[in-house]
1. Just checking, how many residues over region 249-258 are surrounded by 20 or more Cβ atoms within 10 Å (Cβ to Cβ) and either touching a strand residue (DSSP E or B) at 6+ places or on another chain (Cβ under 6 Å) or not hydroxyl-bearing (Ser, Thr, Tyr) (or both)?
2. Would you point out the residue of region 69-115, among those that are in contact (Cβ under 8 Å) with a residue 12 or more places away in the chain and basic (Lys, Arg), that is surrounded by the fewest Cβ atoms within 10 Å (Cβ to Cβ)?
3. Do you know which of the residues in region 266-278 that are in contact with a Gly (Cβ under 9 Å, 6 or more places away or on another chain) and buried (at least 22 other Cβ atoms within 10 Å of the Cβ) is modelled with the lowest pLDDT?
4. Can you work out which of the residues in region 46-68 that are among the aliphatic types (A, V, I, L, M) and part of a helix (DSSP H, G or I) is surrounded by the fewest Cβ atoms within 10 Å (Cβ to Cβ)?
5. Restricting to region 187-212, what's the tally of residues that are within 27 Å of Leu95 (Cβ to Cβ) and either in a loop (DSSP other than H, G, I, E, B) or of a type in the set (Lys, Arg) (or both)?
6. Give just the number: which of (1) surrounded by fewer than 20 Cβ atoms within 10 Å (Cβ to Cβ); (2) among the charged types (D, E, K, R); (3) closer than 30 Å to Phe117 by Cβ does Glu199 not satisfy?
7. Among the residues of region 227-236, how many are surrounded by 19 or more Cβ atoms within 10 Å (Cβ to Cβ) and either modelled with pLDDT of 95 or more or closer than 23 Å to Gly323 by Cα (or both)?
8. Against the definition (of a type in the set (Gly, Ala, Ser) and modelled with pLDDT under 85), how does Ala191 come out, yes or no?
Amino acid sequence: MKRLIAIADRATHVSLKLLVALNALFFLSFLIIALLAAGKARAETSACAGNDMLSALQKDDPAAYRKIEADAAATPNGKGLLWKLEKSGEKPSFLFGTMHVTDPRVTTLPPAAQKAFDAAGTVVIETTEVLDKQKMMAALLKEPDLMMFTDETTLSSLLSPEDAAVVNKALDARGIPPATVAKMKPWLLSAMVALPACEVARQAGGAPVLDVKLAKDAEASGKSVEGLETIADQLRAMASLPIAFHLKGLVDTLKLGDKVNDVNETMIVLYRRGDTGMYVPLFRTVIPEQVDDQSGYAEFEQTMITSRNKVMVDRAAPILAHGNVFMAVGAMHLPGAQGLVEGFRKAGYTVTVVN
């Protein structure tokens with residue numbers, strides 16, 4: 001396949017996965033904002049200037065675009081953000097896919113989702129610990145080795161001299177002194193630099209990501225708010241992936257530079273269309289020859305998505321039994337044979353998409 005768009009390179013593939021990671025672990029954005037503030041990183045602009053990768057691909061390589069569409073169409077439950085959950089003896093509930101960003105195009109619910117949210121008695125998000133910053137930080141401090149090297153290891157000691165130079169130069173350009181993050185685990189630093197400056201600026205200014213907005217709106221209207229995971233659960237999952245995977249992601253994402261805005265814009269476009277089944281086919285089409293990377297993504301998907309889906313279904317069951325629930329989790333958890341939609345069907349629910 002011809003490389004007809006500049007962002008279709010190795011770094012794009014890895015950075016897409018890192019943005020998926022942010023959407024798999026929405027508490028990360030809060031931690032990252034705190035770290036960026038501490039490091040005096042620059043986030044002067046709130047304007048995003050990204051381009052939609054898929055629009056460019058559709059124009060420049062229609063065959064590749066059609067292949068992505070066909071693969072997405074073959075993904076079970078790959079179209080739709082709002083799903084109705086019904087089971088005999090229970091009041092109906094709803095499952096809604098979120099994107100963990102502050103972009104107004106995302107935080108404004110579609111009419112059907114807003115109606116379901118307004119009528120719900122209970123709202124469920126991935127973890128409620130992010131609603132209390134002190135509680136969140138206390139939870140993180142209990143297991144510092146998940147985020148930081150607690151021995152003599154440093155980030156530079158794990159990188160080749162060439163990669164260390166790339167990392168240090170890119171961090172300096174972002175206003176992040178390399179010495180301030182020398183002990184930080186690479187997965188956390190990767191997630192930090194994968195955030196577009198516009199997203200950093202909005203969050204630093206107090207704008208909530210969609211999940212938190214929903215939880216706070218629910219509390220304000222007297223609804224019950226429940227969580228499915230702890231921050232420690234999410235941290236352990238991310239930290240369990242091989243260090244080589246995280247190091248590669250860090251270096252390649254820093255090489256990507258401002259093109260991360262294009263990645264972010266593409267994900268928002270797909271999200272607003274409800275094309276949750278298109279993410280993975282896009283990754284595979286962008287860099288089809290990266291066999292090792294495909295293996296890395298498979299491990300990432302198993303750890304960060306599939307395994308957590310099973311936990312979410314189990315922990316949601318007693319909450320859903322009361323009925324009238326609005327469950328909001330990252331949209332990447334919805335599609336696929338191992339996704340939440342299929343998971344709830346296996347648990348005895350009739351699950352139908354709401355257009």
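The values are calculated or read from the model by the stated rules, or taken from the named source; none is laboratory data. Given the structure is predicted, the values throughout are model-derived calculations rather than measurements. Heads up, the Cβs are rebuilt from the backbone with ideal geometry, glycines too, and the neighbour counts pull from every protein chain shown.
1. Here the count works out to 6.
2. Arg105
3. Thr266
4. Let us first name the residues in region 46-68 that are among the aliphatic types (A, V, I, L, M), namely 47, 49, 53-54, 56-57, 63-64, 68.
From what's left, part of a helix (DSSP H, G or I): 53-54, 56-57, 63-64, 68.
Values: Met53: 24, Leu54: 20, Ala56: 18, Leu57: 23, Ala63: 8, Ala64: 19, Ile68: 22.
Filtering first and then ranking leaves Ala63.
5. Narrowing region 187-212 to residues within 27 Å of Leu95 (Cβ to Cβ): 191, 194-195, 199, 202-203, 207-212.
Next cut, either in a loop (DSSP other than H, G, I, E, B) or of a type in the set (Lys, Arg) (or both) only: 195, 202, 207-209.
Within region 187-212, residues that are within 27 Å of Leu95 (Cβ to Cβ) and either in a loop (DSSP other than H, G, I, E, B) or of a type in the set (Lys, Arg) (or both) number 5.
6. (1)
7. The total comes to 2.
8. Here the answer is yes, as Ala191 does meet what is asked.
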